[in-house]
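Asks: Below is the structure I would like to discuss, written out as structure tokens.
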Amino acid sequence: MDDSEFLARRFEQHRARLKAVALRMLGSHAEAEDAVQEAWLRVDRAGADDVANLGGWLTTIVGRICLDVLRARRSRPEQPAEELPERSEGPTPESEAVMADSLGLALFVVLDTLEPAERLAFVLHDMFAVPFDDIAAIVGRSPAATRQLASRARRRVRSGGSPEPDLLAQREVVEAFLRAAREGDFEGLLHVLDPDVVLRADDQAVDLAARARKAGAPDLAAEARGANAVAEVFHGGAKLARPALIADTIGAAYAPRGKAHSVFLLTFRDGRITEIEVIADRDHIAELDPLVLE
């Protein structure tokens with residue numbers, strides 16, 4: 001068996017997963033097949049002698065191909081994409097891939113509302129557990145910015161693809177949250193926090209909060225779960241945070257003299273906060289370009 005035949009056999013071992021990735025990215029069986037075949041042609045030309053993780057490498061290649069296809073679609077809006085996959089009379093590998101993890105046609109419709117990079121970040125990370133560092137190399141952004149792409153896509157998917165959240169309602173929730181935090185109103189915090197709220201903070205935010213504790217910064221940890229735990233974090237803290245427009249949604253920012261040193265990305269459901277991501281990484285903040293609201 002020569003090297004090319006050996007590589008072909010190894011590629012075939014990953015074909016089903018690569019097809020599933022491409023199908024979720026593109027929503028078309030034909031285009032998914034084309035993407036996988038194009039990946040094989042590239043791999044066959046380049047070889048894989050020095051590749052330690054063949055599966056991850058192949059997923060990256062297919063991801064790049066799919067991203068190019070999605071961007072081409074956006075540049076030719078007058079040419080609609082193929083129809084979404086139809087249900088078949090009986091189970092087939094393709095129909096099983098479409099329905100796996102409760103992925104129905106409705107979700108394909110929502111995915112089509114996302115920007116290409118958002119769709120890729122969401123599909124690869126949330127559906128196939130590809131690390132953000134690997135996805136960042138595909139979309140040409142920092143891992144932190146790539147994480148935000150996935151977070152933004154996740155919010156759109158949860159909202160059914162609605163592109164315009166109720167910013168006024170969000171601001172009211174944010175102002176109530178910050179007011180309760182500043183005043184040490186524990187019950188007020190519980191009122192605006194979802195019972196299963198999750199708080200995450202990057203390393204820079206944890207360090208910044210520790211150094212600014214006397215100035216009223218919250219007692220941040222890398223992660224906290226549940227309304228009581230998150231309320232304890234902000235109880236009496238976040239005194240200098242102000243509402244801010246961040247990535248098309250309302251969040252908050254610690255921005256003395258108008259320059260954001262940290263931002264709070266918030267996710268909402270039914271008038272309550274379900275996720276809080278505190279970011280102090282300068283590059284990530286620059287990507288988000290927060291606008292502090294008066």
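Asks: Among rounded, prolate and oblate, which fits segment 214-294 when a ≥ b ≥ c are the square roots of the eigenvalues of its C-alpha gyration tensor, a/c under 1.5 means rounded, and a/b larger than b/c means prolate?
Replies: oblate
Asks: List the residues of segment 4-36 whose backbone N lies under 16 Å from a point placed 7 Å from the Cα of Leu54 along the Cα-to-Cβ direction.
Replies: In segment 4-36, the label zone of Leu54 (backbone N under 16 Å from the point 7 Å along Cα→Cβ) covers 4-19.
Asks: Another question, then. Roll a 1.4 angstrom probe over the protein heavy atoms and tell me the percent of accessible area of segment 154-294 that is carbon or sulfur.
Replies: Values: 3470 of 7350 Å².
Within segment 154-294, the accessible surface is 47 percent carbon and sulfur.
Asks: If you average the sequence gap of Cα pairs under 8 Å that are 6 or more apart and divide by the length of segment 157-294, what percent do you get for the contact order?
Replies: Normalised by residue count, the contact order of segment 157-294 is 27 percent.
Asks: Is the shape of segment 196-252 rounded, prolate or oblate, going by the alpha carbon gyration tensor and its root eigenvalues a ≥ b ≥ c, with a/c under 1.5 for rounded and a/b larger than b/c for prolate?
Replies: Here segment 196-252 falls in the rounded category.
Asks: Another question, if that's okay. Using a 1.4 angstrom probe, figure out how much accessible area segment 182-270 has per residue, in square angstrom, rounded to the nearest whole.
Replies: On the way: 4480 Å² over 89 residues.
Spelled out: the 1.4 Å probe surface of segment 182-270, per residue, equals 50 Å².
Asks: Can you spot the lysines whose alpha carbon is less than 20 Å from Lys239's alpha carbon? Ignore those fewer than 8 places along the same chain.
Replies: Partners within reach: Lys214, Lys259.
Asks: Go through 261-268, 129-136, 57-64, 199-206 and give me the packing order, highest mean Cβ count within 10 Å leading.
Replies: Ranked from most to least packed, the peptides come out as 261-268, 57-64, 199-206, 129-136.
The values are calculated or read from the model by the stated rules, or taken from the named source; none is laboratory data. Here the structure is a predicted model, which means the values were calculated and not measured. Glycine also receives a Cβ, built like all others from the backbone with ideal geometry; neighbour counts cover every protein chain displayed. SASA here: full protein model, heavy atoms, side chains in, ligands and nucleic acids out. Shrake-Rupley method; radii C 1.70, N 1.55, O 1.52, S 1.80 Å.
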